[in-house]
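Chemist: Take a look at the following structure, please.
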Amino acid sequence: MSGHESHAAHYHGTMKSYVIGFVLAVILTAIPFYVVMNMPNMVSSTKITIVAVCAAIQMVVHIMYFLHINTSKEQRWNFISMIYTIIVIGIIVVGSIWVLFGQHENMMLS
């Protein structure tokens with residue numbers, strides 16, 4: 001048990017920052033929900049755009065207010081790891097879509 005490290009020197013946020021993050025997350029969840037449920041005449045592509053933009057903004061809110069990852073010197077390796085993870089996930093998703101599209105094209109020949 002002597003190997004226990006204290007994390008008191010690390011910034012964990014204040015109650016104010018957590019409340020701000022929570023309120024922003026709720027708002028960014030409520031906006032797409034309202035648009036999808038209460039605006040049936042809106043074009044589907046507009047709804048998808050609103051949902052995607054709110055989701056992207058909400059990811060940034062979670063990263064800033066809950067994970068406390070920023071571009072400061074102390075967080076540099078965490079930030080680099082996050083960027084690497086995003087790139088790898090993007091490659092996997094785009095590659096999977098590319099392969100499945102090619103398979104669809106090959107299977108639908110008649």
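For (1) surrounded by 11 or more Cβ atoms within 10 Å (Cβ to Cβ); (2) among the aliphatic types (A, V, I, L, M); (3) under 30 Å from K16 (Cα atoms); (4) outside the structural domain of S17 (by TED's automatic domain parsing), each residue gets a yes or a no:
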site	(1), (2), (3), (4)
T29	yes, no, yes, no
P32	yes, no, yes, no
M42	yes, yes, no, no
T46	yes, no, no, no
S81	yes, no, yes, yes
I97	no, yes, no, yes
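Chemist: Could you check Q103 against (1) over 14 Å from the mean Cα position of the chain (by Cα); (2) not in a helix (DSSP H, G or I) and say which number it fails?
Modeler: (2)
Chemist: What residue, among those in region 56-73 that are without any contact (Cβ under 8 Å) to a residue 24 or more places away in the chain and part of a helix (DSSP H, G or I), is surrounded by the most Cβ atoms within 10 Å (Cβ to Cβ)?
Modeler: First, the residues of region 56-73 that are without any contact (Cβ under 8 Å) to a residue 24 or more places away in the chain: 56, 59-60, 63, 67, 69-73.
From what's left, part of a helix (DSSP H, G or I): 56, 59-60, 63, 73.
Working: A56: 11, M59: 12, V60: 11, I63: 16, K73: 6.
Step by step, filter region 56-73, then rank; the result is I63.
Chemist: Quick one: V93 ticks every box in (1) assigned to a loop (DSSP other than H, G, I, E, B); (2) on the phi < 0 side of the Ramachandran plot bar one, so which box is it?
Modeler: Here V93 meets the rest and fails (1).
Chemist: Quick test for you: out of I86, I69, pick the one residue that is within 20 Å of the chain's Cα centre (by Cα) and modelled with pLDDT of 90 or more. Before you say what the answer is, go through the steps one by one.
Modeler: Details: I69 fails: modelled with pLDDT of 90 or more.
Just a single option satisfies the conditions, and that option is I86.
The values are calculated or read from the model by the stated rules, or taken from the named source; none is laboratory data. Quantities reported herein were computed from a predicted structural model and do not represent experimental measurements. We place every Cβ from the backbone using ideal geometry, glycine too, and count neighbours over all the protein chains shown.
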